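In what follows, a single structure is set out as structure tokens and then discussed.
The values are calculated or read from the model by the stated rules, or taken from the named source; none is laboratory data. In this text the structure is predicted, and so the values were computed from the model without any measurement. Cβ coordinates were reconstructed from backbone atoms using ideal geometry, including for glycine residues, and neighbour counts include every protein chain displayed.
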Amino acid sequence: MKKFLLAATVSALALLGGCSTTSPDTIQRGDAQRLSQVQDATVLTVRSVKVDGSQSGVGAAAGGVVGAIAGSSVGGRREGQVVGVLGAVAGAVVGNAIERSSTAEEALEIILQLRNGERRSVVQAKGSEVFYPGDAVILVTTGGKTRVSRAPAVQAPGKP
């Protein structure tokens, strides 16, 4: 039983690295086939930032279980209980730290100027596009979330 719980907990910790992403190259299922608002803008500045990882409690719970199982196997019955509790606490702290670091993302803060002169800031995960000051971009807003993308080339009317 202990081996099964240990294997299940380790599997849960491994899955934490594959949690959701905020990549501008990945569209959420709920955003597909929805009408989005599009605005033209120009990039003013771009800087790298780090988006802090999440703390859902899954890492702490999984770490606590692993620590409790590992600690309870130490010494006799009484020592095993005490070390099991201490192992659960230590495991929860370590599991929480693992979850937080594995869900952190490298991102960009992009300061933009809209056509009407207003300025906006968008933070998004690094994607396949690279932005430089002066680049023409579009802001695509769907369901309250905005992403920055390169503006498509526009041809003058009447030219094939």
inquiry  = So, in region 93-149, how many residues would count as being modelled with pLDDT of 95 or more, small (G, A, S) and either within 14 Å of T45 (Cβ to Cβ) or within 17 Å of the chain's Cα centre (by Cα) (or both)?
reply    = 1
key: Answer residue from region 111-147, given it is among the small types (G, A, S) and out of contact with any strand residue (DSSP E or B) (no Cβ under 8 Å at 6 or more places or on another chain) and is nearest to K50 (Cα to Cα) among those   = G127
request  = Could you grab me the full set of residues in region 120-144 that are touching a residue at least 40 places away in the same chain (Cβ under 8 Å) and in a strand (DSSP E or B)?
outcome  = R120, V123, Q124, A125, A136, V137, I138, L139, V140, T141, T142
ask   = In region 117-160, which residues are farther than 15 Å from P24 by Cα and surrounded by 13 or more Cβ atoms within 10 Å (Cβ to Cβ)?
value = R120, D135, A136
